[in-house]
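The values are calculated or read from the model by the stated rules, or taken from the named source; none is laboratory data. The structure presented is a predicted model; accordingly, all values stated were derived computationally and were not measured. Cβ placement follows ideal geometry from the backbone for every residue including glycine, while neighbour counts extend to all protein chains displayed.
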Amino acid sequence: MEEWIGQWWHRAVTRAAEPDRAHVQVTLEEMRRSIALLYRAGGGDAAVRVAPVADSRHGGPRGWLQRLAGSGIRVPLPVLDRETLALPAQLAVFDQRELNRELYLWLAALAAVFEPTGDWIADNRAATARALQRFAGLRSPHARLAQAHLAQRPALASLRADAAPFEAAVQAALRGDDHGPLFVEPAQVAPVWLWLTAGLGNAHAGTSGHTGNGSGERPDGAPDADSKQRRRSRRVEQKEARNPLLVAAKTESITTWSELIRLDRGTDDEVDPNATAAANDMDTLSLARGEQTTASRIKFDLDLPSASADDLPLGPGRKTPEWDWRRRVLQPEHCAVQCAVARPGTPYIPPQALRATARRVRRRLEVLRAAPRWQNGQTLGDEFDIDAWVRFQTEARSGVQHSDAPPVYIRRQRGERSLATLLLADLSLSTDAYATDHARVIDVIRDALYVFGEALSATGDAFEMLGFSSVRRQHVRIQHIKGFGERWNDTVRSRVGALKPGFYTRMGAAVRDATRRLGARPERQRLLLVLTDGKPNDLDIYEGRYGLEDTRHAVQEARDAGLIPFCVTIDHEAHDYLPMLFGSQGYALVRRPQDLVQRLTQAWVTLAR
């Protein structure tokens with residue numbers, strides 16, 4: 001009864017101190033696409049992702065109900081660093097829902113032009129001026145936001161004498177007046193919702209650390225909303241502690257033993273249910289590499305066999321470059337790409353339903369090959385080409401001489417298609433996870449390769465299939481499944497059936513090697529299809545923005561070589577990073593793994609027209 005009363009009292013006083021404002025609340029999820037679009041349209045870095053931010057302390061006053069309930073201490077303040085624009089997961093700052101929506105958009109515009117120098121107020125004032133100049137349409141919304149926020153600021157007379165000057169400087173800056181030379185930090189005043197805090201590379205996402213299993217998943221399952229929050233952290237070095245129980249020479253230091261002694265605790269692989277709550281109570285997380293990490297060591301041994309026990313020993317490989325986005329340089333011969341023919345296994349016998357799907361897709365592509373196609377640039381034709389007419393008139397006005405019959409028509413006619421396709425499949429260890437209750441990701445990929453091969457073999461077009469995985473930059477493995485010069489036969493089908501997942505996903509090096517192979521083909525149209533289930537990652541620094549930037553650079557190299565890169569993925573978070581890698585129209589997200597075959601074929605048909 002006593003515990004029940006205590007819980008009831010806590011809920012009642014918390015509800016009274018923090019009233020429900022769901023009717024005016026706007027969430028980050030419903031604004032994410034608009035925020036990303038406005039941020040990148042204003043010149044923001046394409047590699048910076050939008051993520052929810054964790055709570056942090058502020059220095060503003062609290063009401064007596066908040067002090068009674070122990071609330072109002074921490075709030076989610078917007079933070080911008082080199083990898084993330086971290087915004088509150090929900091905003092209910094103002095009494096009008098439209099104002100809260102405009103606040104999200106304003107923070108996106110401010111982040112697009114934000115240039116931190118170390119002075120919080122000066123940085124935000126300068127960024128505000130640049131944002132209003134670049135986004136002229138935000139002048140009225142910003143004026144409304146500033147007026148509403150100034151009305152919420154605490155009165156100077158109600159503050160302590162040491163806190164009043166800081167609040168006065170903030171209010172003067174919000175009004176556009178001179179705030180003086182006083183240096184103010186965000187934790188010294190009440191939350192300023194119209195401003196950003198610069199995180200100069202010292203903030204890390206809750207899920208950004210490497211798990212060691214190659215799958216990108218946490219040991220306790222899928223990450224929840226709290227673990228995705230962007231948190232402030234710092235790197236510390238855990239030094240070896242010797243003789244921790246040795247009595248100090250000075251007896252007056254006895255009272256400080258609890259702070260100095262390093263206590264070694266046993267390593268426990270069980271999930272701590274209170275870990276997230278403890279992290280939420282900290283302003284800054286201190287990250288250190290421990291001496292004993294039993295779970296990580298076991299997974300490391302399972303993933304990475306020794307050279308003598310390796311299932312496929314490889315040679316030195318072909319050297320390929322890699323893009324270092326921090327230094328803005330292309331590092332020559334940085335990665336070693338090692339190619340090996342996939343070992344055929346037992347004869348691959350697909351299920352009856354999959355064979356029926358393959359026959360249906362094969363007939364569809366056969367009809368597509370036989371159908372006439374539109375030919376542009378014709379002097380006589382069935383329809384008028386508006387784009388060709390505009391180009392003809394522009395060139396004629398600039399003095400370019402044309403024949404009497406301008407090529408401004410289009411005509412349907414039969415003709416030989418000149419097309420080569422290279423399918424690059426992700427075979428990292430993450431594909432060993434179950435996509436459905438009955439099939440793993442690697443099984444879905446294997447089925448897609450089989451159907452794709454059966455269908456393309458009917459068109460007569462040249463195609464090649466490769467798989468890729470990696471173990472750091474020295475071992476980027478390319479598995480040769482089918483070459484351009486090989487026929488689709490039982491040997492190739494057995495290679496598809498014998499595919500196994502392993503290691504990690506260094507996508508940039510694999511795309512560059514595929515670009516080299518496909519770029520040597522004589523066909524006029526060359527398609528590079530990438531089939532994956534997650535972000536680029538590897539054991540070394542190939543994580544986060546580094547891997548994304550290198551992959552984007554490799555995809556751009558493919559476009560410069562005249563190829564058409566396209567990505568098909570089953571990663572539900574693909575919208576956060578694939579538009580930056582392949583463009584908004586350069587990828588397809590498969591919501592259900594069983595639809596992968598259909599979406600892959602549909603993407604090929606669309607690109608091959």
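Determine whether region 505-523 contains at least one residue that is assigned by TED's automatic domain parsing to the domain that holds residue 449, under 21 Å from the mean Cα position of the chain (by Cα), of a type in the set (Lys, Arg) and in a helix (DSSP H, G or I).
Quick first cut of region 505-523, residues assigned by TED's automatic domain parsing to the domain that holds residue 449 only: 505-523.
Restricting the remaining residues to those that are under 21 Å from the mean Cα position of the chain (by Cα) gives 505-512.
Those left that are additionally of a type in the set (Lys, Arg): 506, 512.
From the residues that got through so far, the ones that are in a helix (DSSP H, G or I) too are 512.
Within region 505-523, one or more residues are assigned by TED's automatic domain parsing to the domain that holds residue 449, under 21 Å from the mean Cα position of the chain (by Cα), of a type in the set (Lys, Arg) and in a helix (DSSP H, G or I).
Condition check ((1) in contact with a Pro (Cβ under 6 Å, 6 or more places away or on another chain); (2) at pLDDT below 75; (3) basic (Lys, Arg); (4) within 30 Å of residue 568 (Cα to Cα)) across all residues:
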site	(1), (2), (3), (4)
355	no, no, yes, yes
362	no, no, yes, yes
388	no, no, no, no
402	no, yes, no, no
413	yes, yes, no, no
422	no, no, no, yes
426	no, no, no, yes
| field | Number of the condition not met by residue 346 [criteria: (1) more than 29 Å from residue 47 (Cα to Cα); (2) at pLDDT below 85; (3) surrounded by 10 or more Cβ atoms within 10 Å (Cβ to Cβ)] | value | (3)
| field | Given (1) part of a helix (DSSP H, G or I); (2) in contact with a strand residue (DSSP E or B) (Cβ under 9 Å, 6 or more places away or on another chain); (3) touching a residue at least 60 places away in the same chain (Cβ under 8 Å), index of the condition residue 453 fails | value | (3)
| When residues of region 480-504 are limited to those that are outside any loop (DSSP other than H, G, I, E, B) and surrounded by 21 or more Cβ atoms within 10 Å (Cβ to Cβ), the one nearest to the chain's Cα centre (by Cα) | 504
| remark: For region 168-188 the number of residues that are at pLDDT 90 or above and within 19 Å of residue 78 (Cα to Cα) is 4
| residue 581: modelled with pLDDT of 85 or more, closer than 19 Å to residue 39 by Cβ and surrounded by 16 or more Cβ atoms within 10 Å (Cβ to Cβ), yes or no? | yes
| Inside region 152-170, can you point out the residues that are surrounded by fewer than 18 Cβ atoms within 10 Å (Cβ to Cβ) and either within 13 Å of residue 193 (Cα to Cα) or outside the structural domain of residue 183 (by TED's automatic domain parsing) (or both)? | 152, 153
| task | May I ask you to list the residues in region 85-138 that are more than 22 Å from residue 185 (Cβ to Cβ) and among the acidic types (Asp, Glu)? | result | 95, 98, 102
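On the given criteria, is residue 460 within 25 Å of the chain's Cα centre (by Cα) and modelled with pLDDT under 90?
Details: within 25 Å of the chain's Cα centre (by Cα): no; modelled with pLDDT under 90: yes.
Judged against the criteria, residue 460 is not a match.
Based on what the data block shows, is residue 396 in a helix (DSSP H, G or I), within 24 Å of residue 565 (Cβ to Cβ) and modelled with pLDDT under 90? Please lay out each step first, then the result.
Values: in a helix (DSSP H, G or I): yes; within 24 Å of residue 565 (Cβ to Cβ): no; modelled with pLDDT under 90: yes.
Against the criterion (in a helix (DSSP H, G or I), within 24 Å of residue 565 (Cβ to Cβ) and modelled with pLDDT under 90), residue 396 does not qualify.
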| Of 596, 607, which residue is surrounded by 15 or more Cβ atoms within 10 Å (Cβ to Cβ), more than 25 Å from residue 443 (Cα to Cα) and not polar (S, T, N, Q)? | 607
| query | Here are some residues: 62, 101, 67. Which one is more than 18 Å from the chain's Cα centre (by Cα), assigned to a loop (DSSP other than H, G, I, E, B) and of a type in the set (Lys, Arg)? | reply | 62
| said: Against the condition of a type outside the set (Asp, Glu) and surrounded by fewer than 23 Cβ atoms within 10 Å (Cβ to Cβ), how does residue 127 come out, does it pass? | reply: yes
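Quick check: anything in region 16-28 more than 17 Å from residue 90 (Cα to Cα) and not in a helix (DSSP H, G or I)? Steps first, please.
Looking only at region 16-28, we keep the residues that are more than 17 Å from residue 90 (Cα to Cα), and these are 16-17.
Still in the list and also not in a helix (DSSP H, G or I): none.
Checked region 16-28: no residue is more than 17 Å from residue 90 (Cα to Cα) and not in a helix (DSSP H, G or I).
Go through the residues of region 70-77 one by one and say whether even a single one is of a type in the set (A, V, I, L, M), within 23 Å of the chain's Cα centre (by Cα) and crowded, with 20+ Cβ neighbours inside 10 Å. Before you say what the answer is, go through the steps one by one.
In the first step, residues of region 70-77 are kept if they are of a type in the set (A, V, I, L, M); the result is 73, 75, 77.
When the remaining residues are screened for being within 23 Å of the chain's Cα centre (by Cα), the result is 77.
Those left that are additionally crowded, with 20+ Cβ neighbours inside 10 Å: 77.
Yes - at least one qualifying residue is present in region 70-77.
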